[in-house]
Every structure is written in structure tokens, then in C-alpha cells.
Amino acid sequence: MAKLSLNKAAKEASVAKSTLLQALNSKRMSAEKNEKGHWEIETSELFRVFPRTGSTEHKEPNATPHAELLKNNQNSALEVEVKMLREKIEDANLEREREREQASEQI
């Protein structure tokens, strides 16, 4: 599991940093300090003490028509690039095979 800083843990749990510190000081929640003396809180431990609610889950925003069009244009450009690269690889493979045949004939 990932370890979170005090700031990130507070944001993930939707609580104040002082609330997290109270939980740590009262031993209700365990965590470790790193070499710099900053808290590192396991996500599983954080959500054991401060369970997730439906409102804190991160959701992707709905895409706008402009964003969809831009995404489609980018995908089209990538598809063209992939096709070109595949053709280059095929050409390189054919050239290598031709050179092998020439080398075999010379031997």
C-alpha cells in the first residue's frame, strides 16, 4: 500500500490535518515518521480510521464535446504515426533480409 504525507492523507480522508494528528497522538491510528521527521500514513490505516464515503471518491468529469473532438483528433494522429512506424519496421526487416541473402551468397 502507498504511504501518504499528512497533507495528502488529510485531503484523501476529507479531514483536517489537526484531526489526523489527534488520531496519531491518541494512538487511534498508527503511522511512521520518515528520516526527515514527516508522517507517512498507510492508506489502509487511514481508511480504517476514517472510512471513505461516497462523496469523497474521485470521479472523472464528463467530457465536453470539444474535449471529445480533441481526443479523437489526437487518437487519429497517433493511429497515423503507428501505421507509419509499422511500415518503417517492415521496410527495415525486408532490407535486413536482403542483406542476409547477399551475405550468404558471398560466403
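The values are calculated or read from the model by the stated rules, or taken from the named source; none is laboratory data. This is a predicted model, so every value here is computed, not measured. Counting neighbours? That spans all protein chains shown, and the Cβs are built from the backbone with ideal geometry, glycine included. Surface areas here come from the heavy atoms of the whole protein model, side chains and all, with no ligands, DNA or RNA. Shrake-Rupley method; radii C 1.70, N 1.55, O 1.52, S 1.80 Å.
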| remark: Among 78, 24, 46, the residue with the largest mean-square fluctuation in a Gaussian network model of the chain built from Cα contacts under 10 Å is 78
| task | Note down the magnitude of the dipole of region 1-45 about its Cα centre, charges +1 on Lys and Arg C-beta and -1 on Asp and Glu C-beta and zero elsewhere, to the nearest 20 debye. | result | 160
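Quick one: plug the Kirkwood hydrodynamic radius of the chain (C-alpha pairs) into Stokes-Einstein at 20 °C, 1.002 mPa s, and report D in µm²/s. Please list the in-between numbers first.
Numbers: Rh = 19.3 Å.
D, rounded to a whole number, is 111 µm²/s.
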| When only C-alpha pairs under 8 Å and at least 6 residues apart count, what is the relative contact order of the chain, in percent? | 24
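So if I place +1 on the C-beta of Lys and Arg and -1 on the C-beta of Asp and Glu, and nothing else carries charge, what would the dipole magnitude of the chain be about its Cα centre? I want it in debye, nearest 20.
Result for the chain is approximately 1180 debye, rounded to the nearest 20.
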| task | Report in % the part of the accessible area of the chain that belongs to carbon and sulfur, leaving out ligands and nucleic acids; probe 1.4 Å. | result | 52
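For the chain, what is the accessible area per residue in Å², given a 1.4 Å probe and the full set of protein chains? It would help to have the intermediate numbers written out before the result.
Values: 9050 Å² over 107 residues.
Roughly 85 Å² per residue, with all protein chains present.
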| query | Of 13, 84, 69, which is farthest along the charge dipole of the chain in the positive direction, counting Lys and Arg as +1 and Asp and Glu as -1 at C-beta? | reply | 13
| task | Could you check the simple spin-label distance between residue 35 and residue 106, using points 7 Å along Cα→Cβ, in nm with one decimal? | result | 5.5
